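Worksheet: the structure to be examined is printed underneath.
The values are calculated or read from the model by the stated rules, or taken from the named source; none is laboratory data. Since the structure is predicted, the reported quantities are computational estimates derived from the model, not experimental observations. So basically every Cβ, Gly included, is an ideal-geometry build from the backbone, and we count neighbours across all protein chains shown.
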Amino acid sequence: MSNTKLNIGLFGFGTVGKGLHEVLSKINLTDVQIKRVCIRDKSKKRDALLPFTDNAEDIFGDKEINFIVELIDDAEAAYLIVKRALISGIPVVSGNKKMLAYHLDELISLQKQYKTALLYDASACGSIPVIRNLEEYYNNELLTSVKGILNGSSNFILSKIFNEGMSYQDALKLAQRLGFAESNPTLDIDGWDSLFKLIIITVHAFGVYVRPDEIFNYGISSLNDNDIKFAEKEQRRIKLVACAEKAGDKLVLSVMPHLISKQKYIYSVEDEFNGVVIKGLFYYKQFMFGRGAGGYPTGSAVLSDITARLYDYKYEYKRQNAVRKLEYTTDVPVRIYFRYSDDKHLQLLDFENITEKYVSRQFCYVVGTVRLKQLHQKAEVLRKEDIFLSVYPEN
């Protein structure tokens, strides 16, 4: 594709699609242009002088369009667009992390079969180029873990709670009013958005694809004032953390709240920002920080993927060719803070040990060790009950 002008067929013109268009307008690239935009509702007024259509065939049937950019919310529709582009031999950029999390294994195979490229740096952490860094710099046996804050909405809520003393509900309402959280915030606050991003990152960090339903994720929707007071008493903050790390020749993945101490990099990641810590055997820790969402940050990341194709860039998935393959496991111990409201809740988990226990009429909790495997098995029940749990690392 070197020295070829990119004529883009764009699917979706929401926050990120508009952000991409505005970024392109400001920098005025001569070798990249949006030729046509496919949207759901053509009758809706839009403040952009672009040729809009509501028919995908107007893009796939246009012989001048040689690049597809997919920026829609519907994961299944996004999958069909990306798959068709790859089979047609057209390079494609996607920002749909849910679609990628469920279909990445197949899409990698299609890239190889049809000798074309799918890029999606913007899907994982907005403006933070974590995927390309993992591909190009950390593609060796030295990498031991990738963990961090991958969702700006939940982090904004937690920042307001711990910095300004807001209640969880007031912080959520503010996030919704400012556009950081949707009217239905489930994907963000219950950890699903972070989970999808973690799956994508893990493929590039460790060469292992794990389906969403095989990973334990637990969010912050059941957080209450007692949990906040406990964290403050321990001089910690609660952060929603996605984690992929080696345990010998095994790989462990999870998305859970963590009680983070001041010494940790992500303790100071505030508001809608994301922070990713990459750890290796000899370079210790590298910290990447930036805006994880929004039209301009994510639109800029999409543009970075687009311009990379001017130089024939594509992911090589080098870690999938590693000599020593990691085996995914949930059979590992994890130390947790477990707040409950009824004695029956304690029976849900078989604690290997309990090092701290507090019981009152208003507030009950234990600190102890359980197997991650058991948390995953009981995930649905844990999410429904009046319970909150958080990883509680020892100093």
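Taking the criterion of being β-branched (V, I, T), surrounded by fewer than 21 Cβ atoms within 10 Å (Cβ to Cβ) and under 26 Å from E232 (Cβ atoms), the only residue of the range 267-313 that qualifies is V277.
Based on what the data block shows, is L110 surrounded by fewer than 22 Cβ atoms within 10 Å (Cβ to Cβ) and either among the polar types (S, T, N, Q) or in contact with a helix residue (DSSP H, G or I) (Cβ under 6 Å, 6 or more places away or on another chain) (or both)? Yes: the conditions hold for L110. Filtering V37, V69, V82 for residues that are under 21 Å from S127 (Cβ atoms), crowded, with 16+ Cβ neighbours inside 10 Å and not small (G, A, S) leaves a single hit, V69.
Entry remark, the range 98-126: residues being of a type in the set (S, T, Y), closer than 20 Å to V302 by Cβ and touching a Pro at 6+ places or on another chain (Cβ under 7 Å) number 1 in total. All of L326, L349, L259 fail the test of being in contact (Cβ under 8 Å) with a residue 60 or more places away in the chain, farther than 23 Å from Y138 by Cα and surrounded by 17 or more Cβ atoms within 10 Å (Cβ to Cβ), apart from L259.
Among the conditions (1) farther than 19 Å from A379 by Cα; (2) touching a helix residue (DSSP H, G or I) at 6+ places or on another chain (Cβ under 9 Å); (3) at pLDDT 95 or above, Y267 misses just one, which is (2).
No other residue among N55, N66 is out of contact with any Ser or Thr (no Cβ under 8 Å at 6 or more places or on another chain) and in contact (Cβ under 8 Å) with a residue 12 or more places away in the chain apart from N55.
Taken as a whole, the structure places I90 among residues that are surrounded by fewer than 24 Cβ atoms within 10 Å (Cβ to Cβ) and farther than 28 Å from Q176 by Cβ. Exactly one residue out of L142, L158 is surrounded by fewer than 20 Cβ atoms within 10 Å (Cβ to Cβ) and of a type in the set (A, V, I, L, M, F, W, C), and it is L142. Check whether at least one residue in the range 40-49 is part of a helix (DSSP H, G or I) and either of a type in the set (D, E) or surrounded by 15 or more Cβ atoms within 10 Å (Cβ to Cβ) (or both), and report yes or no. Looking through the range 40-49, none of the residues is part of a helix (DSSP H, G or I) and either of a type in the set (D, E) or surrounded by 15 or more Cβ atoms within 10 Å (Cβ to Cβ) (or both).
Among the residues examined, V332 does not qualify as under 25 Å from N155 (Cβ atoms), among the aliphatic types (A, V, I, L, M) and in contact (Cβ under 8 Å) with a residue 60 or more places away in the chain. Selection over the range 1-39 of residues that are without any contact (Cβ under 8 Å) to a residue 12 or more places away in the chain, over 20 Å from Y311 (Cα atoms) and in a loop (DSSP other than H, G, I, E, B) gives a count of 0.
Among the residues that make up the range 333-342, is at least one of them over 24 Å from L240 (Cβ atoms) and assigned to a strand (DSSP E or B)? The answer is no; no qualifying residue exists. Of Y137, Y102, all but one fail to be among the aromatic types (F, W, Y) and over 16 Å from the mean Cα position of the chain (by Cα); the exception is Y137. Going residue by residue through the range 184-202, is there one that turns out to be over 13 Å from the mean Cα position of the chain (by Cα) and surrounded by 24 or more Cβ atoms within 10 Å (Cβ to Cβ)? Checked the range 184-202: no residue is over 13 Å from the mean Cα position of the chain (by Cα) and surrounded by 24 or more Cβ atoms within 10 Å (Cβ to Cβ). Of all residues in the range 287-308, exactly one satisfies the criterion of being touching a residue at least 60 places away in the same chain (Cβ under 8 Å) and closer than 23 Å to N395 by Cα, namely M288. Count of the range 353-372 residues, restricted to those that are surrounded by fewer than 16 Cβ atoms within 10 Å (Cβ to Cβ), of a type outside the set (A, V, I, L, M, F, W, C) and in a strand (DSSP E or B), is 6.
Criterion applied to K314, K325 was being closer than 30 Å to L29 by Cβ, out of contact with any Phe, Trp or Tyr (no Cβ under 8 Å at 6 or more places or on another chain) and part of a loop (DSSP other than H, G, I, E, B), and the one residue passing it is K314. Of all residues in the range 338-395, those that are of a type in the set (K, R) and either closer than 20 Å to K229 by Cα or outside the structural domain of K239 (by TED's automatic domain parsing) (or both) total 3.
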